[in-house]
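Here is the structure we will look at.
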Amino acid sequence: AATATRAAALQARWLCALAVACLLGGGTLWAAEALRAAVQSSLGNGMAAALLAEGALALAAFALPTAVMGALFSELSLQAQAGGLGFSRALAINTLGAAAAPPLFGVLLVPTLGAQGSLLLVVAGYLALAAPRVRLTPKVWATTAAAAAPAAATAAVALRAPPLAFVDVPEGGRIVSYREGALAAVSVVEDAAGVSRLRINNRQQEGSSHTQRSDARQALLPLLLNRAPQRVRYRGLGTGTPARAAAADPGLQVDAVELLPDVIAAAAHFAAVQAPSGAAATPANLHLLAADARRHVRSAGPVYDVIVSDNFHPARSGSGSLYTVEHFQAVRERLAAGGLFCQWLPLHQMDLGTLRSVVRSFLQVYPDGWAMLATHSLDTPVLGLVARPGAGRFDTALLQQRLSNPHLPQALPDFGLDDLYALLGGFIASPQSLGSFAASAPLNTDDHPVVAYRAPRITYAPDTLPRDRLLALLQAVQIAPGDLLSDETPADTASKLHPRLAAYWAARDQFIAAGLAVRPTADVAAMLAQVREPLLGVLRTSPDFRPAREPLLRMAQALAATDAPAAQALRRELDLRAP
């Protein structure tokens, strides 16, 4: 009896100590940002500093609880051995408990109670295990007092501590929604100007209400390049803008697959903000599915006329597997005859070495693939890899029909898709040029996941700015109208179309290069002094290039109130360079 009492007393003390250790370790999480900043400020920027900072955070949070857990397990193992239970069985029981913890806490408790609630439940659980043992101890009052301290601290944390959620909120902004899921914490943050942004784990911005035009282009471009799509599939939802832009066509069935259910819930906010007055936020022909895109594409189901893959951050856990040869092959098997696959890539989150591996892996499955830009953004360039297995090059007559289709509900000029040149103007590389660009890169495969290992480096230590990578890419690849357009184009049409399209591409590259020297300012006259000659030079290269014309027109309109002669002179110059 005395031995059992001593064992119970020892267990009670260790359980109380473990409760305290978990409270102290969890408490360091509230100071995580300050600790990380302190480590990185002393070590400087770079991947090594970032990894050491994360290591310091892990050590602060888990070192003490891990040590106490080890001591408690050792004590329990000795007591079990004294009772006739061998160490191997004790270790097996402990392993079973460890195996049950991830689904119990990660899948059930954290999404239900949040990280803070789950942590406090663990502490309360250790104290509950200690309670019956406290009554068996010789010094019951002393042991009770020792257990009461962590119990009171747990109650204080539950009642008074701020939420264990880290969301950067701009001055004057607010958190619209915050959800802790099994895989990530998803937040929608609104700034003082009313712009909402979707973030995952407070790091990756997955779109905003301010990027509706560019996000919608990522939906419309692949749809317009297909002959007559009836069913389209989007892998990755984000704010939902691309999928909703596609679903605006009532004759199109749109399936959107998103890994994080919390992103689907957060996207409802953007749907409500962007929906026209009186319109349903989620169209009836838009079907949202919470599933893993990689597994879903391999499951039985319909084939699609268009499959569009979102620009997944390659450093995000698991995203590298969406850029493998095997996955691209699985996507090809779900394409209908004459179907089109577009893989968007975030060039602002991907170095050129990683890009080369993704491109080579793509060409391994789609050797006739092209590359195009979603927009002309310098800070967030997005590259699209486009494939049409067995469909050959593009027929300009069919593309013109798509642009003039009266059943398209979108006002295409609102998205910069005024004409055939705007539709094709984003293409930057032919299959041959892409092949040369990526020839020396290793393939990204399931058993050789080079993207998963390389991509995090640019997150911690970017080698160049996104605009520099974009310019380097444009200089490394090339395309000619004959690489893109079908030979079936009538000779007289081709003799006019090909030179104008080539001039449009040259003007686009000139426009992007000119943007490198621009310093944004609210002063219209100062801004015009910077961009007037460069943009007029772009229009001299190609009068069809509307992205250079539109800002000059807006500045002329703004300038009319203060300097009417200068505004009129600018309009006259623009008229001289009209297409």
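What to note about this one:
- In terms of its C-alpha gyration tensor, the range 185-339 comes out oblate, because a/c is 1.5 or above while a/b does not outweigh b/c.
- Debye log10 I(q)/I(0) for the chain, one point scatterer per Cα, at q = 0.07, 0.09 Å⁻¹: -0.54, -0.82
- Taking Cα atoms only, the orientation of helix 524-541 departs from the longest principal axis of the chain by about 60 degrees.
- For the range 62-110 versus the range 171-208, the gap between their alpha-carbon centres in whole angstrom: 37
- Summarising the amide proton neighbourhood of Leu164: residues at separation of 5 or more, or on other chains, whose placed amide H is nearer than 5 Å comprise Gln116.
- To the nearest ten degrees, helix 546-559 and the longest principal axis of the Cα atoms of the chain are 90 degrees apart.
- Where Met69, Met372 fall by accessible area, highest first, once all protein chains stay in place (1.4 Å): Met69, Met372
- For the chain, the fraction of 1.4 Å probe accessible surface lying on carbon and sulfur atoms is 59 percent.
- For the pair the range 291-323 and the range 447-468, the centres of their Cα atoms are 20 angstrom apart.
- Counting only the Cα atoms, the range 320-396 fills a convex hull of 91 Å³ per residue.
- Here the Karplus relation 6.51 cos²θ - 1.76 cosθ + 1.60, evaluated at θ = phi - 60°, turns the backbone of the range 183-200 into coupling constants of 10, 6, 9, 10, 10, 10, 10, 10, 8, 5, 8, x, 7, 9, 10, 9, 10, 10 Hz, with x for every Gly and Pro.
- Taking amide hydrogens as placed 1.01 Å from N in the peptide plane, the amide H of Tyr304 sits under 5 Å from those of Leu335, Ala336, each at least 5 positions away in sequence or on another chain.
- Long-range HN-HN contacts of Gly173 with modeled amide H, under 5 Å: Ala192
- For the range 483-491, 3J(HN,Hα) computed residue by residue from phi via the Karplus equation (6.51, -1.76, 1.60; θ = phi - 60°) reads 6, 10, 9, 5, 6, 6, 5, x, 4 Hz, glycine and proline entered as x.
- The chain: angle of helix 450-460 to the longest principal axis, Cα-based, in degrees nearest 10: 90
- Other residues within the sphere of radius under 11 Å centred on the Cβ of His296, judged by their own Cβ, net out at +3 (K and R +1, D and E -1).
- Rolling a 1.4 angstrom probe over the protein heavy atoms with all chains in place gives the chain an accessible area of 47 Å² per residue.
- Across every pair of non-identical alpha carbons in the range 456-579, the mean reciprocal distance, once inverted, gives a Kirkwood radius of 16.8 Å.
- Interatomic Cα distance distribution for the range 409-468, bins of 5 angstrom, percent: 4, 12, 11, 13, 17, 14, 12, 13, 4, 0
- Our coupling estimate for the range 341-356, obtained by passing each phi through the Karplus curve with A = 6.51, B = -1.76, C = 1.60 and θ = phi - 60°, is 10, 10, 10, 7, 10, x, 5, 6, 10, 9, 6, 5, x, 5, 4, 4 Hz, Gly and Pro reported as x.
- The range 152-303: relative contact order as a whole-number percent, Cα under 8 Å and 6+ apart: 17
The values are calculated or read from the model by the stated rules, or taken from the named source; none is laboratory data. Please read all numbers here as calculations on a predicted model, not as lab measurements. Glycine also receives a Cβ, built like all others from the backbone with ideal geometry; neighbour counts cover every protein chain displayed. Keep in mind that these areas ignore ligands, DNA and RNA; they rest on the heavy atoms of the full protein, side chains included. Shrake-Rupley method; radii C 1.70, N 1.55, O 1.52, S 1.80 Å.
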